[in-house]
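Peer 1: Please find one structure pasted underneath; my questions will follow.
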Amino acid sequence: FVFLTLPPSQVQPPPPCRQRDGKGAAAVNGDVVAGKNPPPPPPPPPPPRLPPLLVFLWERVRATFLTLFSRDILLLSTLLFYSGVGIAFFAGQFTRQISDRSKIGFAIVFLGVAEILGSAVLGRLSDRVGRGWTVSFAAVAQAAGMWLVWVCNDRTDYAVFAPAALLGLADAGFQTQIYALLGACFSERSADAFAAYKFLQSLGMTAGFFYGAAFLPSGSKRATPEGLLWELIICASILLAGLVPFYVFIGIKRREARYSAVAVRDVT
């Protein structure tokens, strides 16, 4: 009766019938619409990965610098740096001070022969007396060679071969003991230790060639006696500054070796 008396415009149609299809969607008058909880959005794409070669290089560089700033390498850093300074001295400063240019090649031959013989002899000596005494002997040979370079500065005879032999003997002592020491003390990370050693040695060579060129007079290929004296003083100062922490390092390793399975002679 009410529907019959109301105008057609006021008659409200019945609400549509909703049915669920069992998957979270509702059917409205036969049309399927989305449910109240839409599916989550897809995850974002992963960030781009670096090439494996770059990752490997980064890890190697990082491990090398971590080893470079370790306690043991810091104690040896000045001596490792000096090994490069010594190479720059006899390769650059010493050879240019030889007046007779025809004897430069023979001086290099004497230096090379002394290095070969010194490597064999000092290696055996190190097994008997220890690395500390062997490095001390190399330092004395280096100081004697520097003194002879100063004495034989203006000589043109065969006396220039004596400092060449002593410098080669000293370099052999330093190189063999440094390599053996790094191999014994850094057996688990020897690659990083040798990379740090080569880094410091290259810095020393760069510094040696730089200040050696700075003492050259303008337009001259030979240093003046005053310039050569300053070069020798700088080399001797760096050598002395490297020996003190080296002996501290040897003392630390000797104490540590007493409480470990490593033989004392392997590190000292």
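The values are calculated or read from the model by the stated rules, or taken from the named source; none is laboratory data. Owing to the predicted nature of the structure, the values given are computational and were not obtained by experimental measurement. Every residue, glycine among them, receives a Cβ derived from its backbone with ideal geometry; neighbour counts consider all protein chains shown. Just the protein is used for accessible areas: all its heavy atoms, side chains included, with ligands, DNA and RNA removed. Shrake-Rupley method; radii C 1.70, N 1.55, O 1.52, S 1.80 Å.
Peer 1: With the checklist (1) within 24 Å of LEU229 (Cβ to Cβ); (2) under 27 Å from the mean Cα position of the chain (by Cα); (3) surrounded by fewer than 18 Cβ atoms within 10 Å (Cβ to Cβ); (4) at pLDDT 90 or above in hand, flag the one item ALA88 doesn't pass.
Peer 2: Unmet condition: (3).
Peer 1: A further question on this structure: Could you say which residue among ALA139, ALA107, ALA91 is among the small types (Gly, Ala, Ser), without any contact (Cβ under 8 Å) to a residue 12 or more places away in the chain and under 26 Å from ILE234 (Cβ atoms)? Spell out the reasoning first.
Peer 2: On the way: ALA139 fails: without any contact (Cβ under 8 Å) to a residue 12 or more places away in the chain; ALA107 fails: without any contact (Cβ under 8 Å) to a residue 12 or more places away in the chain.
On inspection, the qualifying residue turns out to be ALA91.
Peer 1: When you scan segment 106-148, how many residues do you find that are among the aromatic types (Phe, Trp, Tyr) and under 28 Å from the mean Cα position of the chain (by Cα)?
Peer 2: Initial filter on segment 106-148 (among the aromatic types (Phe, Trp, Tyr)): 106, 110, 133, 137, 147.
Of the ones still in play, those that are also under 28 Å from the mean Cα position of the chain (by Cα) are 133, 137.
Counting residues in segment 106-148 that are among the aromatic types (Phe, Trp, Tyr) and under 28 Å from the mean Cα position of the chain (by Cα) gives 2.
Peer 1: So, one more: Do we find a residue being within 25 Å of LEU229 (Cβ to Cβ), open to solvent by 20 Å² or more (accessible area, probe 1.4 Å) and small (Gly, Ala, Ser) anywhere in segment 162-172?
Peer 2: Just the residues of segment 162-172 that are within 25 Å of LEU229 (Cβ to Cβ), to begin with: 162-171.
When the remaining residues are screened for being open to solvent by 20 Å² or more (accessible area, probe 1.4 Å), the result is 162, 165-166, 169.
From what is left, the residues that are small (Gly, Ala, Ser) are 162, 165.
Taking every residue of segment 162-172 in turn, at least one turns out to be within 25 Å of LEU229 (Cβ to Cβ), open to solvent by 20 Å² or more (accessible area, probe 1.4 Å) and small (Gly, Ala, Ser).
Peer 1: Something else about it: Looking at segment 176-197 only, could you name the residues that are open to solvent by 30 Å² or more (accessible area, probe 1.4 Å) and closer than 30 Å to VAL109 by Cα?
Peer 2: Once the filter is applied, which keeps residues that are open to solvent by 30 Å² or more (accessible area, probe 1.4 Å) and closer than 30 Å to VAL109 by Cα, segment 176-197 yields THR176, TYR179, ALA180, GLY183, PHE194, ALA195.
Peer 1: Within segment 148-161, can you find the residues that are surrounded by fewer than 21 Cβ atoms within 10 Å (Cβ to Cβ) and touching a residue at least 60 places away in the same chain (Cβ under 8 Å)?
Peer 2: Within segment 148-161, TRP150, ASN153 qualify.
Peer 1: Return yes or no: is SER102 hydroxyl-bearing (Ser, Thr, Tyr), part of a helix (DSSP H, G or I) and under 25 Å from the mean Cα position of the chain (by Cα)?
Peer 2: On the way: hydroxyl-bearing (Ser, Thr, Tyr): yes; part of a helix (DSSP H, G or I): yes; under 25 Å from the mean Cα position of the chain (by Cα): no.
The answer is no for SER102.
Peer 1: If ALA263 satisfies all but one of (1) at pLDDT 85 or above; (2) surrounded by fewer than 17 Cβ atoms within 10 Å (Cβ to Cβ); (3) not acidic (Asp, Glu), what's the number of the condition it fails?
Peer 2: If we test ALA263 against (1) at pLDDT 85 or above; (2) surrounded by fewer than 17 Cβ atoms within 10 Å (Cβ to Cβ); (3) not acidic (Asp, Glu), just (1) comes out false.
Peer 1: Name every residue in segment 98-126 that is among the acidic types (Asp, Glu) and loosely packed, with under 14 Cβ neighbours inside 10 Å, in order of residue number. Before the answer, list the steps.
Peer 2: First, the residues of segment 98-126 that are among the acidic types (Asp, Glu): 100, 115.
Listed by number, the list holds a single entry, ASP100.
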